[in-house]
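Working notes, beginning with the structure itself.
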Amino acid sequence: MKKSLLLIPITIALAIFFYPTTSNSNSIGSIGGKTGSPNDGSSCTQCHYGGQGTGATITTNIPPNGYIPNQVYTITANIQGSNDQYGFEITAEEANFGSAKKGTFFITNNTETKLTNNNKAVTHKLGGIFGPGLKSWSMSWQAPNTGTGAVTFYGAFIEGNVNQSNTGDTYHSSNLTVSEAVINSVNNLSAKNDFIFNTAKKTIESNTIVSAHDINGKLVLTTTNNSTNIAHLKKGIYILKSENKTKKIILN
């Protein structure tokens, strides 16, 4: 009788240990440093054992002549496959030798994406893994300082086969290199912008709708006023967005 009772917890423990689970990478995002970039080295293939796909791309709204230092742009990671479950990680590194991480990522959809790898990359969340044969994730990226030069975005993508394990998943990869714009004269961007941030007064001066998001993409304020004081917000980094402009600010 005692032997039978002893077998029950042992059987339960073994069942739990060997029960198939969904891949962590497919469900809650990459642990970081798995883009296959020169700095990261490793990629998703360390855990996923499927074949190689060619359906991934990285797109941006960075102009063909290059990024303007410290400006904020939209980066989109795309994958097309034959299944309906996908995951990704994307990072940005200088294109020359050394491959240091460059620029700053900001989350614009905190339901589907999150920061990873010490905030130097973006990956999916559980709410952002499903798509009917294709999937896209967008985020904001602030370009680095003047003199950085060309920057390369590296993306690692997984197309899951929904077999409740890491085996059989298809790995896709993509990269995109953008140059730094050469500015020969002082550009007056104010004509294209519809809001400014007054650092001294901590006010948004605007003639349109402006929204403020924290670094994780959470909406913290929307205003249609000509002048809005945001000194009441917690100290930290925020992204201000209107229809025609995106700007990073720091409240301190």
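Restricting the stretch 194-215 to residues that are polar (S, T, N, Q) and modelled with pLDDT of 90 or more, the residue that is surrounded by the most Cβ atoms within 10 Å (Cβ to Cβ) is 203.
Taking the options 101, 114, name whichever one is in the same structural domain as residue 158 (by TED's automatic domain parsing), in contact with a strand residue (DSSP E or B) (Cβ under 6 Å, 6 or more places away or on another chain), surrounded by 15 or more Cβ atoms within 10 Å (Cβ to Cβ) and not acidic (Asp, Glu). I'd like the intermediate steps shown before the answer.
Values: 114 fails: in contact with a strand residue (DSSP E or B) (Cβ under 6 Å, 6 or more places away or on another chain).
One residue alone meets the criteria, 101.
Checked across the stretch 62-73, the condition of being modelled with pLDDT of 90 or more, buried (at least 19 other Cβ atoms within 10 Å of the Cβ), within 30 Å of residue 241 (Cα to Cα) and hydroxyl-bearing (Ser, Thr, Tyr) holds for at least one residue. Residue 38 fails exactly one of the following numbered conditions: (1) modelled with pLDDT under 95; (2) not in a loop (DSSP other than H, G, I, E, B). What is the number of that condition? Unmet condition: (2). Checking the stated criteria, residue 156 turns out to be modelled with pLDDT of 95 or more and either within 21 Å of the chain's Cα centre (by Cα) or outside the structural domain of residue 55 (by TED's automatic domain parsing) (or both). Is the stretch 35-45 home to any residue that is in contact with a helix residue (DSSP H, G or I) (Cβ under 9 Å, 6 or more places away or on another chain) and farther than 14 Å from residue 169 by Cβ? So far as the stretch 35-45 goes, yes, one or more of its residues are in contact with a helix residue (DSSP H, G or I) (Cβ under 9 Å, 6 or more places away or on another chain) and farther than 14 Å from residue 169 by Cβ.
When the stretch 42-59 is filtered for residues that are modelled with pLDDT of 80 or more and either touching a His at 6+ places or on another chain (Cβ under 7 Å) or over 14 Å from residue 88 (Cβ atoms) (or both), the ones remaining, listed by number, are 42, 52, 53, 54, 55, 56.
Would you confirm whether any residue within the stretch 174-186 is out of contact with any Gly (no Cβ under 7 Å at 6 or more places or on another chain), at pLDDT below 95 and surrounded by 15 or more Cβ atoms within 10 Å (Cβ to Cβ)? No; the residues of the stretch 174-186 include none that is out of contact with any Gly (no Cβ under 7 Å at 6 or more places or on another chain), at pLDDT below 95 and surrounded by 15 or more Cβ atoms within 10 Å (Cβ to Cβ).
The values are calculated or read from the model by the stated rules, or taken from the named source; none is laboratory data. Note that the structure is a prediction, hence the values are computed from the model and not measured. Every residue, glycine as well, gets a Cβ built from its backbone with ideal geometry; the counts of neighbours run over all protein chains shown.
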